[in-house]
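Quick notes on the structure that follows.
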Amino acid sequence: MRANNCLPNFMEINLKKIIAAIGVAAILICIGGKTAHAAMPQNELLAQIGAVKKQILILQIQLIQIQIAGLQNQLAKIGKTAKFVSLLSPNGGEKIYNDRIFKICWEASGVEKISLALARSETSHIIAENIPAAPGCYDWEVDDVSGKNFKIKIFDAVDQKTQSSSAANFSIFARNDVCDDGTWRGFPFHYVLAALVDAEHEGVTDELRHARYAVASRLGLAAG
């Protein structure tokens, strides 16, 4: 019998010693049962045989413990080398706006580089290719597209079978899209009005510039 290769050398030596000891003990019991009774009383012989059997049981328990330790070491190694990627964000339900930065985040193990794709129905296109997996995040300059039922896919750049994707769909809105909840490109209506009347509002120029497209779209006017 040979020890598991994942066992340290000292454990392999002990394993061999235990196996040899069990074999010797078994032989001694057989020999003792046939010859030793002529030299000692039967009760003393039985006591010695019982002691040897007890020692064999102890050695067998030690053997099982060493085998269990070897399996645990092997499982630990397997756990450390398992490959996986898991997308954390966007994971579904988000409202994302194009021409902005959205942070895509993931978890990965055993993977050095990943690629990201924007998927919709049966089609997809790469948005980041062969980038390091270690940071766990990527600043995505959102594509110039809009609509619903989008997902992000992430996969090992070397082995595409190791992959993950958004758990549910998310939506992408264009600059002048009016959202279902009444927001215009992320600005609630009262926010836009506040920007109109508050010249000191932070970022008011940029907000008004974006609001102009939404107002023109709602009223059917040219943005000008």
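Taking the average, over residues, of other Cβ atoms within 10 Å as the packing measure, peptides 149-156, 120-127, 87-94, 136-143 rank 149-156, 87-94, 136-143, 120-127 from highest down. Footprinting exposure proxy ranking of 101, 172, fewest other C-beta atoms within 10 angstrom first, gives 101, 172.
Here, each number is a calculation from the coordinates, and none is a lab measurement. What you see is a predicted model, and the numbers here were worked out from it, not measured in a lab. Here Cβ is always computed from backbone atoms with ideal geometry, including for glycine, and neighbour counts include all displayed protein chains.
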